[in-house]
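This report refers to the structure that appears directly beneath it.
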């Protein structure tokens, strides 16, 4: 057995450390890795709660729903979405998303208006509306342009 030399023993490898949390997993209690972890966790949860409070208000899209807002707005764009929200039977929201030529989106909620206008328009059609009136010129592909009027309920 003396013919086979025994290789020298290597020193043990260092334990892996997480970049932000230190020696939390390695088990050494000398550096206080769990203290750092709880601080980071507290900050992360705080940022998450703050984000839940502030981001929906920042990302919310302006919805035009009253008669005065729709009368005063000027439209020149195409309908991209058309849908109805009937989650409450007493108040059905007819929603149109119009993308203007500059790329700006306008969301119209016609729950106070008569549903006739909503039923007569479709998704690929272009709308053109002057400020101060409720008459809307609808450009159709198969028919000549039509002027529709948005009527609000009393």
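Each reported figure results from applying straightforward, stated rules to the coordinates on display, with no laboratory input. Model, not experiment: these values are computed from the prediction.
When the chain is treated as a GNM with alpha-carbon contacts under 10 Å, the residue of 142, 116, 60 showing the greatest mean-square fluctuation is 142.
Principal-axis analysis of the Cα atoms of the chain puts helix 33-59 at an angle of about 10° to the longest axis. Using just its DSSP H runs of length 4 or more, each adding -39500 (n - 2.57), the chain gives a mean residue ellipticity at 222 nm of -8000 deg cm²/dmol after division by all residues. Among the listed values (1) 1.02; (2) 2.13; (3) 1.22, the one computed from these coordinates for Cα Rg over 2.2 N^0.38 Å is (2).
Take every Cα pair under 8 Å whose residues are at least 6 apart in sequence, average their separation, divide by the length of the chain, and the relative contact order is 17 percent. For the chain, set up a Gaussian network in which alpha carbons nearer than 10 Å are linked by springs, and say which option among 62, 17, 106 fluctuates the most. So, out of 62, 17, 106, the one fluctuating most is 17.
Out of every Cα-Cα pair that segment 63-149 contains, those further apart than 15 angstrom amount to 57 percent. Of 134, 75, 54, the residue with the greatest mean-square motion in the GNM of the chain, using alpha carbon springs below 10 Å, is 54. Kindly work out what percent of the DSSP beta bridges joining two residues of the chain are antiparallel, to the nearest 5. The antiparallel fraction comes to roughly 95 percent.
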